[in-house]
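Engineer: Questions regarding the structure given below will be posed in turn.
The values are calculated or read from the model by the stated rules, or taken from the named source; none is laboratory data. Note that the structure is predicted; figures quoted are calculated from it, not measured. Here Cβ is always computed from backbone atoms with ideal geometry, including for glycine, and neighbour counts include all displayed protein chains.
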Amino acid sequence: MRLHSALVVLLLAQAAPAGPAGWKLLWHDEFDGSTLDATKWSFVAGGNGFGNGELEYYTARQKNVHLENGMLVIQAVKESYTGADGVQRGYTSGRIHTQGKFSQCYGRFEARIKIPAGQGIWPAFWMMGDTSANWPDRGEIDIMENIGKEPGTVHGTIHGPGYSGSKGIGSPFTLPAGRRFSDDFHIYAVEWEPNSIRWYVDDNLYKTATPGDLPPGTHWVYDHPFYLLLNLAVGGNWPGKPDDTTAFPQSMYIDYVRVYGRE
């Protein structure tokens, strides 16, 4: 029995991924099962544009969200689809979140992702404040966003009261000339501590936001738990509509999502 227990402990230790120096792993999903872990994630369904003019209908179908070869795949498809609410769209895709299942205040939040590319395609890995306040008062932290017509650039941004939408505070990160994010996996992360949020691509720090960056008269809304979101939007006010150059289906591959706290 002792040997068996020791073996279990060893196997668990081997299964737990090592974190960056100074950080302790608190929550993660390696997407190694056959279906999405319902204890960690919920589907978001709907086709109302989500305040951004998006063109897709998010579904809970395997076609749009599934696990494959140890990865989460979110797939956007060009097809006519009518939801249970009667809303009809010309595209479907997937959006999942951890609201009601996991949220955390402060820490390192990271994911290893291979994004797609194409006009009108909008992959995102982000966080929303887990409070009863409405957006943007609850706060939003965009860890990674990309608009497909900019294949070599991703964006990290915060949105809050008085600095949301096009007035969000953030910066782009651009790969060396000729390289595209869709060509390989990259690790996208934020390190969030009191009065500081730092953005990284593959451990390259490219933006730090503090209360001193806020517009006069506005306030910092990043001192409460946030939950995680992953989605692949089609169209919208920022990326624009797909055109004849946009190939479908489009797939976003997520190898893992990991959340750490300070040791």
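Engineer: Restricting attention to the range 17-46, and to residues there that are in a loop (DSSP other than H, G, I, E, B), over 23 Å from residue 69 (Cβ atoms) and over 18 Å from the mean Cα position of the chain (by Cα), which single residue is modelled with the lowest pLDDT?
Structural biologist: 19
Engineer: The conditions are (1) touching a helix residue (DSSP H, G or I) at 6+ places or on another chain (Cβ under 7 Å); (2) under 16 Å from residue 51 (Cβ atoms); (3) aliphatic (A, V, I, L, M), and residue 133 fails exactly one of them. Which is it?
Structural biologist: (1)
Engineer: Consider residue 171 against the criteria (1) part of a strand (DSSP E or B); (2) among the small types (Gly, Ala, Ser); (3) surrounded by 17 or more Cβ atoms within 10 Å (Cβ to Cβ): it satisfies all of them except one. Which criterion is unmet?
Structural biologist: Unmet condition: (3).
Engineer: Among (1) part of a strand (DSSP E or B); (2) over 24 Å from residue 67 (Cα atoms), there is one condition residue 227 misses while meeting the rest; what is its number?
Structural biologist: Among (1) part of a strand (DSSP E or B); (2) over 24 Å from residue 67 (Cα atoms), residue 227 violates only (2).
Engineer: Starting from the range 29-47, keep only residues that are at positive phi, then list their pairs with residues that are among the aliphatic types (A, V, I, L, M) whose Cβ atoms are within a distance under 6 Å, requiring at least 6 positions of separation or different chains.
Structural biologist: 31/67; 31/71; 31/72
Engineer: Separate question: Of everything in the range 47-82, what is assigned to a loop (DSSP other than H, G, I, E, B) and touching a Gly at 6+ places or on another chain (Cβ under 6 Å)? Give them in sequence order.
Structural biologist: 47, 52, 53, 54, 55, 64
Engineer: Something else about it: Could you check, for the range 212-224, whether at least one of its residues is touching a Phe, Trp or Tyr at 6+ places or on another chain (Cβ under 6 Å), under 14 Å from residue 124 (Cα atoms) and touching a residue at least 24 places away in the same chain (Cβ under 8 Å)?
Structural biologist: No, the range 212-224 has no match at all.
Engineer: State all residues of the range 223-263 that are of a type in the set (Val, Ile, Thr) and either surrounded by 18 or more Cβ atoms within 10 Å (Cβ to Cβ) or under 17 Å from the mean Cα position of the chain (by Cα) (or both); if no residue qualifies, say none.
Structural biologist: 234, 246, 254, 257, 259
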